[in-house]
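Below is one structure, written out as structure tokens; the observations come after it.
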Amino acid sequence: MPAILPVSADLNERACFCQTCLSKKLAEKLTVLIANTPHDELLTLAERYRTPPNQQAVLQEHLDYSMENGLMVFSAWYHLKRGSCCGNGCRHCPYPS
């Protein structure tokens, strides 16, 4: 898992730390962060997690995408890591119109 946000004290002793549960918890926190943080700060944060051009991206379900009706739907976090808007009108595009 990428170290994006710290694990907070709101997780109790019985919290599940499997990859799926951590991805879902982190996705919830990223949604709040994205909604409440200026765009330029989000780009600065996401830049650290971009895949270098000569490497293939390793996508994390719940963080970078979700599956809907058998289709991969990219998240706002994925688009921020991408670094720019692709212009395709993506559902979760975080870039100003």
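The values are calculated or read from the model by the stated rules, or taken from the named source; none is laboratory data. Predicted model, so just to flag it, every value in this text is computed and none were measured. Because the Cβ atoms are built from the backbone with ideal geometry, glycine has one as well, and the counts that use them run over all protein chains shown. SASA here: full protein model, heavy atoms, side chains in, ligands and nucleic acids out. Shrake-Rupley method; radii C 1.70, N 1.55, O 1.52, S 1.80 Å.
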Out of all the residues in the range 53-61, is one or more of a type in the set (Val, Ile, Thr) and either closer than 20 Å to Thr20 by Cα or in contact (Cβ under 8 Å) with a residue 40 or more places away in the chain (or both)?
-> yes
Of all residues making up the range 11-52, the number that are free of Cβ contacts under 8 Å to residues at least 24 places away in the same chain, closer than 14 Å to Gly83 by Cβ and hydroxyl-bearing (Ser, Thr, Tyr) | 1
Since Lys25 meets every condition but one in (1) surrounded by 16 or more Cβ atoms within 10 Å (Cβ to Cβ); (2) at pLDDT 90 or above, which condition does it not meet?
-> (2)
Test: residue in the range 29-45 that is under 20 Å from Gln19 (Cβ atoms), hydroxyl-bearing (Ser, Thr, Tyr) and open to solvent by 80 Å² or more (accessible area, probe 1.4 Å) | yes
Select from the range 50-91 the residues that are surrounded by 16 or more Cβ atoms within 10 Å (Cβ to Cβ) and assigned to a loop (DSSP other than H, G, I, E, B) and list them in ascending order.
-> Gln60, His62, Leu63, Asp64, Ser75, Cys90
